[in-house]
1. Going by the conditions given, is B:Lys246 in a strand (DSSP E or B) and surrounded by fewer than 23 Cβ atoms within 10 Å (Cβ to Cβ)?
2. Would you be able to tell me the number of residues in the range A:333-385 that are in contact with a Phe, Trp or Tyr (Cβ under 8 Å, 6 or more places away or on another chain) and not aliphatic (A, V, I, L, M)?
3. So which of B:Gly291, B:Gly296, B:Gly276 is more than 20 Å from B:Leu260 (Cα to Cα) and more than 8 Å from every other protein chain (Cβ to nearest Cβ)?
4. For the range A:214-229, check the following and say yes or no: at least one residue is more than 30 Å from A:Ala298 (Cα to Cα) and either among the hydrophobic types (A, V, I, L, M, F, W, C) or free of Cβ contacts under 8 Å to residues at least 12 places away in the same chain (or both).
5. Does A:Val85 satisfy being at negative phi, in contact with an Asp or Glu (Cβ under 6 Å, 6 or more places away or on another chain) and buried (at least 23 other Cβ atoms within 10 Å of the Cβ)?
6. For the range B:251-273, how many residues are in a loop (DSSP other than H, G, I, E, B) and away from every other protein chain (no Cβ under 14 Å)?
7. Testing B:Asn25 on (1) touching a helix residue (DSSP H, G or I) at 6+ places or on another chain (Cβ under 9 Å); (2) at pLDDT below 95; (3) within 21 Å of A:Ser140 (Cβ to Cβ), one condition comes back false. Which one is that?
8. Is one or more of the residues making up the range B:373-388 within 35 Å of the chain's Cα centre (by Cα), on the phi < 0 side of the Ramachandran plot, within 14 Å of another protein chain (Cβ to nearest Cβ) and among the hydrophobic types (A, V, I, L, M, F, W, C)?
There are 2 protein chains.
Amino acid sequence: MLKVGIIGVGTVGTSVANILIDNKNIITARAGKEIVPTIGVVSNLGKKRDVSIKLTTNVDEILEDDSIDIVVELMGGIEKPYEIVKKALLKGKAVVTANKALLAYHRYELQELAGDIPFEFEAAVAGGIPIINALRDGLSANHIKSIQGIMNGTCNYMLTRMINDGVSYNEILKEAQELGYAEADPTFDVGGFDAAHKLLILGSIAYGIDVKPEDILIEGIENISNADIEFAKEFEYSIKLLGIAKKVGNEIELRVHPVLISEDKMIAKVDGVMNGISVVGDKVGETMFYGAGAGGDATASAVVANIIDIARKGKGSPMLGFENQPGEQISLMPKENIRTKYYLRLEVSDKSGTLAKVATILGDNSISIEAMMQKPLKSQNANLLLTTHTCIERDILKAIKELENSGVVLSKPSMIRIEA
Amino acid sequence: MLKVGIIGVGTVGTSVANILIDNKNIITARAGKEIVPTIGVVSNLGKKRDVSIKLTTNVDEILEDDSIDIVVELMGGIEKPYEIVKKALLKGKAVVTANKALLAYHRYELQELAGDIPFEFEAAVAGGIPIINALRDGLSANHIKSIQGIMNGTCNYMLTRMINDGVSYNEILKEAQELGYAEADPTFDVGGFDAAHKLLILGSIAYGIDVKPEDILIEGIENISNADIEFAKEFEYSIKLLGIAKKVGNEIELRVHPVLISEDKMIAKVDGVMNGISVVGDKVGETMFYGAGAGGDATASAVVANIIDIARKGKGSPMLGFENQPGEQISLMPKENIRTKYYLRLEVSDKSGTLAKVATILGDNSISIEAMMQKPLKSQNANLLLTTHTCIERDILKAIKELENSGVVLSKPSMIRIEA
């Protein structure tokens, strides 16, 4: 029998306890032994919770109890769970966490501390989708060429509604807040930070790269306008907030930002609050994994899968990603060196010479135009919409600055990267 | 070090040997030990093959060699590989196979014979997609409510082209044969038998049900006409050949047939030669797994993942599916008891009384109509296209017979089940 202690008994913690109880018969059969949730730690004992396990406010009732084999950490935050997880591992307890922020900052250190003690976190990326399992086991024969992930359901819901129903960013943000998909302060979701934490975890599995959120390119969806949406629809693109990890030579691109992506791509078809992660391996080609990225039961499904796995194996399996490319020195690609195609929307005054000026600035920065269209706006102005051939991030950023100061572009240019 | 012998060095076997060599550095790191392909068995030594391992025509050079740890069976057929796999397991060798026909007929027996010796077959279902891994590990906390799979790339390619480009079944079959997607005798693919073998494997994992292809409903795509395709498009359905496993009470539905399925469903968006498998768990909700269902490297990716897993674990993990629902007696639902919605296409003579007769026959068989439309044909005839509310397979089959003999239906009625 294995005893489980749950630290943080909110929506997910409640589901973890209840799944272990509700599905006890199959879980026992699949794990090869009984798994019993015995105690949960909460900060407020007075709050009504739908669980039958004993509750306490004292985390030491788990950490100091030698009969507890597995600690499930679901408290949120970074520093406090970091101390608790460390203590649990030092006590020899297996740890399962869904805490993506903790992992984005401390995964390597904790994994090293864990050594052979299981330290698992399937639920931290894309909720119920077994993507870490897929990378570590199912795709283990492959060099991972790239990962593209829709890993924030809030953003995907908002973008889907903007595209399908023409609602504006502000309207849909309000609706998402009313539906409980977005927080009162939505920055963590719409700013791309939540997706970035998840991307760093996937990047660490696929490439063994250890960088922090501060090191990578993160842009949110706050500046996507209806004019951009219309352009996308006209050219059969979808707009998605993607987390992208890609290996180019010995460098790893890691970035989170909105993309224009062909409607035909499987990942572009992932709509609403759902998550989807496309993984390209050198042998398997493209695979995609789809499912609920949030919600108590879906997230708990992944936590319990880790618990069952720990019960089966006893010890952790070798961490794929730590020795992804033995002997090869990989490093993070500096963000200004990223190469991709770009979409630009420029509000310009509709008069002669404007186009020449825009074209000159782009040309001077080694940016060649793939397609262009001009759409009249109210007043004397027009939207100049264009896409580029592949160029370098550094060049496009410089060109955008020059366009801003050129006198012919009337407001801050809008730029969206195009993903093949 | 683990030594691997490969029996059958065709497209997949060649890829297995080459991946083990090409990706040796990551595979060694991930497996925790070196894995070496040492010998392959072929029937014709004269044929040029792109492998560097030793080849022989004598299978005993693998079976009788105690230094070979893992046997990869890729010969095809049923009885001969059955004998070889048995012998390998009795010798204590781990076995990895991609042979779906062998598994559809002999999996339980071989699994029991294997006991703690690893006997793995990820590549037998949907090529490179790690779906068995997902069922056994990633979704292990869940009762599986249903599985819907596009598991035959040939059929999916043909249906996609029929829908997108309006080509007829016979034209596209010829094209698929020219492209090498379909065999000269295409029955195994287009008749649904290949998909059925894969479905039985998934059903055995998800539900521990042991039935043979002969026991289940299998229909192919041979009778899908352009009239059906047009109807589907008009009502925003896609047409897919699905393998379906579903738990209803203590009974398991297992069936392979074309379906009309809403274009909005994620699985309906899987086009071309690609495979996709949707799994609904009681906790995780819907997940979907997408990728290449065939091809040497994609299939070999799954074979090698199994080999790495065996190297890591040493012994097999408990087989999820054998004790899926301990204490519960499950059985196969008789095919005539299946309940779903149906689409019917009836070629009728365009004269008064026809509709009344059709409606009476359906009503007498407890079938209520959900939607109906009539489309004129050349001559005096018309196509009557209708969909039903949920009813029982037995009733619809009886009604179709009565319609055939009614005098008002001029050719064999076309029926397609509708999948929610």
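The values are calculated or read from the model by the stated rules, or taken from the named source; none is laboratory data. Please read all numbers here as calculations on a predicted model, not as lab measurements. FYI the Cβ positions are ideal-geometry reconstructions off the backbone, even for glycines, and counts take in every protein chain you see.
1. yes
2. Residues flagged as in contact with a Phe, Trp or Tyr (Cβ under 8 Å, 6 or more places away or on another chain) and not aliphatic (A, V, I, L, M) within the range A:333-385 amount to 2.
3. On the way: B:Gly291 fails: more than 8 Å from every other protein chain (Cβ to nearest Cβ); B:Gly276 fails: more than 20 Å from B:Leu260 (Cα to Cα).
Sole residue among the options that is more than 20 Å from B:Leu260 (Cα to Cα) and more than 8 Å from every other protein chain (Cβ to nearest Cβ): B:Gly296.
4. Checked against the condition, which is being more than 30 Å from A:Ala298 (Cα to Cα) and either among the hydrophobic types (A, V, I, L, M, F, W, C) or free of Cβ contacts under 8 Å to residues at least 12 places away in the same chain (or both), the range A:214-229 yields at least one hit.
5. Taking the combined requirement at face value, the residue satisfies it.
6. Restricting attention to the range B:251-273, the residues satisfying the condition of being in a loop (DSSP other than H, G, I, E, B) are B:263-265, B:270-273.
Then keep just the ones that are away from every other protein chain (no Cβ under 14 Å); that gives none.
Final tally of qualifying residues: 0.
7. All conditions pass for B:Asn25, except number (1).
8. Step one: of the range B:373-388, the residues within 35 Å of the chain's Cα centre (by Cα) are B:373-375, B:383-388.
Then drop every residue that is not on the phi < 0 side of the Ramachandran plot, which leaves B:373-375, B:383-388.
Going one step further and asking which of them are within 14 Å of another protein chain (Cβ to nearest Cβ), we end up with none.
No, the conditions are met nowhere in the range B:373-388.
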